[in-house]
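Down below is the structure, laid out as structure tokens.
Where a number appears in this text, it was derived from the coordinates with a stated rule and is not lab data. A quick note: this is a predicted structure, and the numbers were derived from the prediction, not measured. For neighbour counting, all protein chains shown are included, and Cβ atoms are generated from backbone atoms with ideal geometry for every residue, glycine included.
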Ligand code: F6R
């Protein structure tokens, strides 16, 4: 949700530096972009559209060594040139990620002080407030930022240039991500580390209300009371190549093809031997109730967790959308565990849900990809998935690892509760270790999935049906289709479709049926026949053990014969690849679907 970068250093081609930095953050928002740089005063270039539109407007002959820039996902005020960041009022220039919730009250207050607003944004109010505080003449720039924090309700990560200190970038944050890159030849601020990698692998994290003041040669950190503080330097353990497509046409395709390797990394990290597995996984004996809380695909992964935990461990598990959970009445007891799942670790609603659990003194466990993200830092315990950078806005590889991690948690709980014999356990651990080979096998059938995509890419509607865990897989398959290809899609529990929605099925409506659960397969077949009888073209996704001569399906994808434990993350792969190819054939912007952003840091 909006990406910001600030650079001060030895390079003099500041416009290029900022544009390149923004490109690595474009996944965060891409409806408008802008930059401000210092060259005989502050100059601003900004416009609606992707970063490529901004790139057309820059003049690389203009020199400068300091600047701030922004790529936007509109919240307050539509995507337009004027609403783009940076915003400038009086002697202050600002880029901002987050939402100033009390901006209307602040606007009224500032209008009384003769401020006139030209945009619909909350950010213009924030910068006007900074200018107003500055004009009072009571404080230096650090103190102005401290005073500002006292007025604001909401979230912000901000990069600021004050006209009276044009060699310095100030930055601060509250509840929106911001890191500080510390290099030999440059210092930077950015929404995430990918944007600073070109200049440095060393970075520091900012806590809420921290303020940073940086020049080319120096970085100073202050806490909310403006006490000078030291920050631990962290090092990024991945490289710039991971942020490139490596010959793939899109990041989404590249990331799906990484699934075998990252699964290997993650499983190897947690399962090298039975003893170390038991030690590395958290102790979960004491819990008798689990709340899984997440958004979007991470929530879909959670639903798979629920089926596993309830059926195999026998522990009551609820799965809640974080935006609901944070505001609803929740029934906790001292044996409740809250598991939050988040690729980015920065999703605002998931963070709020985590904090709600903590405020109620409930133990929390996070499944996270981005190291040192807010959720990783705030949860009591963290299990990292090792997906590396996920750049495509639609998640694929992180989802697969989230499911795999839930399987590991499930195993740990089965061990703790004597729900598994040692023979069964060794078998499952062995199959998990071998699972990357099966992922590779499924990926190798890509052409088959692409042929199916060719048949359905002109559809207006695609339905998914399945039962039990298969329904959870359907939800994710359906989300992938709609978010990247813009085809309307719905996922239904196979038995539920006839309670209304079946009226939408007509001749040649595509229905993708997922049927991997042996116990429920006969029921699913009946439901497939119901839609077939109404004219649907059915694509069946099943597994070798359930394969038969089903003359009523138009196409069939058969997963290899393997222990059913790992079927959920195998089953999603064909669906991810079909969604990818459907979007490609429709000419969609696959890595940056319209209206979306990768990291949803607002409510
Ligand atoms: C869909 C997708 C989203 C995310 C959701 C949660 O492809 O990527 O639905 O899963 O926004 O994001 P994280 O996992 O970062 O909390």
Antiparallel %, DSSP beta bridges [both residues in the chain], to 5: 55 percent
Ranked packing of 217-223, 92-98, most packed first, by mean Cβ within 10 Å: 92-98, 217-223
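Normalised by the residues of the chain, what does the relative contact order come to in percent, with Cα pairs under 8 Å and at least six apart?
This gives 12 percent for the chain.
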Shape of the range 216-296, Cα gyration tensor, a/c cut at 1.5: oblate
0 to 90° range, to nearest 10: angle between helix 259-270 axis and the chain longest Cα axis: 90 degrees
Folded to 0 to 90 degrees: helix 14-25 orientation relative to the chain principal axis, Cα: 30 degrees
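Determine, for each peptide in 41-48, 508-515, the mean count of other beta carbons within 10 angstrom over its residues, then list the peptides with the highest first.
Values: 41-48: 17.5, 508-515: 23.9.
Highest-to-lowest ranking by the protection proxy: 508-515, 41-48.
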Alpha carbon centroid spacing (whole Å) that separates the range 79-95 from the range 507-569: 53 Å
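Indicate the gyration tensor shape class of the range 343-448 (rounded, prolate or oblate), computed on the Cα atoms with a ≥ b ≥ c the square roots of the eigenvalues: a/c under 1.5 is rounded; otherwise a/b larger than b/c is prolate and the rest oblate. Please list the in-between numbers first.
Details: a/c = 3.04, a/b = 1.22, b/c = 2.50.
Here the range 343-448 falls in the oblate category.
Rounded to the nearest whole Å³, what is the per residue volume of the convex hull around the Cα atoms of the range 444-533? Please list the in-between numbers first.
Details: hull volume 9.3 nm³, N = 90.
Spread over its residues, the Cα hull of the range 444-533 gives 103 Å³ apiece.
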The range 245-444 - convex hull of the alpha-carbon atoms, volume per residue in Å³: 110 Å³
D (Stokes-Einstein, µm²/s), Kirkwood Cα radius, the range 150-195, 1.567 mPa s at 4 °C: 109 µm²/s
Sum of -39500 (n - 2.57) over DSSP H runs of 4+, divided by residues of the chain (222 nm, nearest 500): -11000 deg cm²/dmol
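Expressed as cubic angstrom per residue, what is the convex hull volume of the alpha carbon set of the range 6-53?
Numbers: hull volume 3.6 nm³, N = 48.
Residue-normalised Cα hull volume stands at 74 Å³.
Rounded to the nearest 0.05, what FRET efficiency do residue 120 and residue 149 have when you use their Cβ-Cβ distance and R0 = 22 Å?
On the way: r = 24 Å, r/R0 = 1.08.
E(calc), rounded to 0.05, equals 0.40.
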Mean Cβ count within 10 Å, highest first, over the residues of peptides 51-59, 301-309: 301-309, 51-59
Label zone at residue 44, where the point sits 7 Å out along the Cα-to-Cβ direction: the range 58-78 residues whose backbone N lies under 13 Å: 68-70
Largest-first principal axis extents, alpha carbons of the range 101-250, Å: 55, 39, 25
Debye-sum result for the range 3-242 in log10 I(q)/I(0), which assumes one identical scatterer on each alpha carbon, at q = 0.15 Å⁻¹: -0.96
Inter-centroid distance (Cα atoms) of the range 153-213 relative to the range 123-146, Å: 18 Å
Nitroxide proxy distance, nm - points 7 Å out along Cα→Cβ at residue 547 and residue 112: 7.5 nm
Helix axis angle, 348-359 relative to the chain longest principal axis, alpha carbon, degrees: 90 degrees
Largest-first principal axis extents, alpha carbons of the range 522-603, Å: 45, 34, 27
Compactness of the range 388-516 - radius of gyration and Dmax, Cα, Å: 17.8, 51
All-pairs Cα distance distribution in the range 140-224, expressed in whole percent, bin size 5 Å: 3, 15, 27, 25, 18, 8, 3, 0
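For residue 444 and residue 261, calculate 0.36 nm times their separation in residues minus their Cα-Cα distance, and state this gained length in nm to one decimal.
Numbers: separation 183, 0.36 × 183 = 65.88 nm, distance 1.42 nm.
Additional length available on full extension: 64.5 nm.
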Debye log10 I(q)/I(0) at q = 0.08 Å⁻¹ for the chain, Cα point scatterers: -0.59
Dimensions (Å) - the range 10-119, Cα atoms, principal axes, largest first: 42, 31, 19
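State, as an integer percentage, the relative contact order of the range 3-242 based on alpha-carbon contacts under 8 Å between residues 6 or more apart.
Numbers: 588 pairs, mean separation 46.4, N = 240.
Reported relative contact order: 19 percent.
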Separation of alpha-carbon centers, the range 376-393 and the range 304-368, rounded to whole Å: 16 Å
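With 14 Å as the cut-off, how large is the P(r) tail for the range 486-530, expressed as percent of Cα-Cα pairs?
Working: 496 of 990 pairs.
Of all Cα-Cα distances in the range 486-530, 50 percent exceed 14 Å.
Using only alpha carbons, build the gyration tensor for the range 445-593 and give me the equivalent ellipsoid semi-axes, biggest first, whole Å.
Working: eigenvalues 93, 68, 37 Å².
After diagonalising the Cα gyration tensor, the semi-axes are 22, 18, 14 Å.
Nearest 5 percent is fine: what portion of the DSSP beta bridges confined to the range 245-444 is antiparallel?
Numbers: 0 of 21 bridges.
Taking every DSSP beta bridge within the range 245-444, about 0 percent pair in antiparallel fashion.
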Relative contact order, percent, the range 502-603 [alpha-carbon distance under 8 Å, six or more residues apart]: 21 percent
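Between residue 246 and residue 377, what length in nm is gained on full extension when 0.36 nm per residue of separation is reduced by their alpha carbon distance? Don't skip to the end; give the middle numbers.
Numbers: separation 131, 0.36 × 131 = 47.16 nm, distance 3.17 nm.
Between residue 246 and residue 377, full extension yields an extra 44.0 nm.
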